[in-house]
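Note sheet for the following structure.
The values are calculated or read from the model by the stated rules, or taken from the named source; none is laboratory data. Quick caveat: nothing in here was measured; it's all calculated off a predicted structure. Every residue, glycine as well, gets a Cβ built from its backbone with ideal geometry; the counts of neighbours run over all protein chains shown. The protein model used for the area step is the full one, side chains on, heavy atoms only, and it has no ligands, DNA or RNA in it. Shrake-Rupley method; radii C 1.70, N 1.55, O 1.52, S 1.80 Å.
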Amino acid sequence: MSNSPYTLRTAFALCAWVALGLGMSGASDARAQTRLEYQAASAVALRNPHDLKLSPDGRHLFVSDVGNNRVAILDPETLALVAEFGADHQSGTHDVDFDREGRAHVADTHNNRVLVYSLAGLKATRVGELAGGFRGPEGVLAHPNGRVYVAGAWSHNVVAFENGRIVAELKGLASPHDLELAPGGDIWLADAGNDRMLLLSPELEIKRALKGAPYHFDGVRYQDVLADGTLIVADKNSHRVLVIGADGRLLHVVGSGQPGKGPGVFRTPEGVETRGDTVWLSDSGNDRVVRYKLRR
């Protein structure tokens, strides 16, 4: 073989294309093996439902029903309404999470506070609230470390409360939304206005960012994290739901990029909750909750 610069450049280029092809093949294989299959949709009268959370015992699905200013409680299998609370004092309910004691923490967005409820069966009783240091909370995480993290969508920050006091803050965000626990204790944040996902330490230091290609987020809102670190993310303005591997690979996309209603299409999806291979999503613009099965 000639050792001319042209021949060497050609050989190097061919090697690069082969390597790229192998990498793409591996990614394609992973994507082919990962998919979300539609199962069912709710018929209950919801208005712009947002984030979702299973009760600690897994028997009920708590829905942040924004337009009805309440938490709606559904049967996770039938998606029928079984109870509700908060409509007499909440305004613009966006998120709910449970702490180690089983108390519900609810983002009462338009009232600029997080309300805390004790639960006796399906009966909720207000027992406290968090306020100050944030405005328009649209994400709340009751972390196993005892802290409560709040995303202030209107104040563009995240604050961490410990024993009712702010002990950490991250500024410089743009309409931050959901906060979810990652394996090992870190926190995934949907930084919606900056079209990115951020991995934060418990001290609110940025450790990693997912943005740009191949995700092309457009107003990413809420998410959930599987035990192996896989992310399932609702990207509101692109009308898509993305499945992202723990290594950052884009594994699967559901949704055409155009609004619609039916299996595999959404209108401004927002909430995400998972249990095993079952995935619940808020098809918010269609005023319903849908259930999918994750196949891998």
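Tabulated data for the structure shown
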| read-out | value |
| --- | --- |
| Pairwise centroid distance, computed over Cα atoms, of segment 126-159 with segment 188-215, Å | 17 Å |
| Mean separation of Cα contacts under 8 Å (6+ apart) over length of the chain, as relative contact order % | 15 percent |
| P(r), alpha carbons of segment 206-283 - 10 Å bins starting at zero, rounded % | 20, 55, 23, 1 |
| Cα extents of segment 93-137 along the three principal axes, largest first (Å) | 31, 17, 14 |
| Estimated inter-spin distance, ARG296 and ALA227, nm [label 7 Å along Cα→Cβ] | 1.1 nm |
| List TRP280, TRP154, ordered by accessible area with a 1.4 Å probe, largest first | TRP154, TRP280 |
| Cα extents of segment 54-169 along the three principal axes, largest first (Å) | 40, 29, 22 |
| Estimated 222 nm signal from helices in the chain, with DSSP H stretches of n ≥ 4 weighted -39500 (n - 2.57), rounded to 500 | -3500 deg cm²/dmol |
| Rg ratio (alpha-carbon, reference 2.2 N^0.38 Å) - segment 49-104 | 1.05 |
| Relative contact order for segment 186-246, counting Cα pairs under 8 Å that sit 6 or more residues apart, in percent | 24 percent |
| Simple label model, 7 Å out from Cα along Cβ direction - LYS261 to GLU101, nm | 4.2 nm |
| Global size of segment 190-234 as Cα Rg and Dmax, reported in angstrom | 10.6, 29 |
| Label-to-label distance, nm, for residues given as ALA41 and HIS216 (7 Å Cα→Cβ offset) | 2.4 nm |
| Taking all pairs of distinct alpha-carbon atoms in segment 123-171, Kirkwood radius in angstrom | 11.2 Å |
| With DNA, RNA and ligands ignored, accessible area of PHE161 (1.4 Å probe; Å², nearest 10) | 10 Å² |
| Calculated diffusion of segment 161-204, Stokes-Einstein form, Kirkwood radius summed over Cα pairs, 10 °C and 1.306 mPa s, µm²/s | 142 µm²/s |
| The chain: Rg to Rh, with Rh as the Kirkwood radius over Cα pairs | 1.05 |
| Pairs of lysines in the chain (C-alpha under 24 Å apart; 8 or more residues apart or interchain) | 11 |
| As computed over segment 110-226, the Cα convex hull volume per residue (Å³) | 121 Å³ |
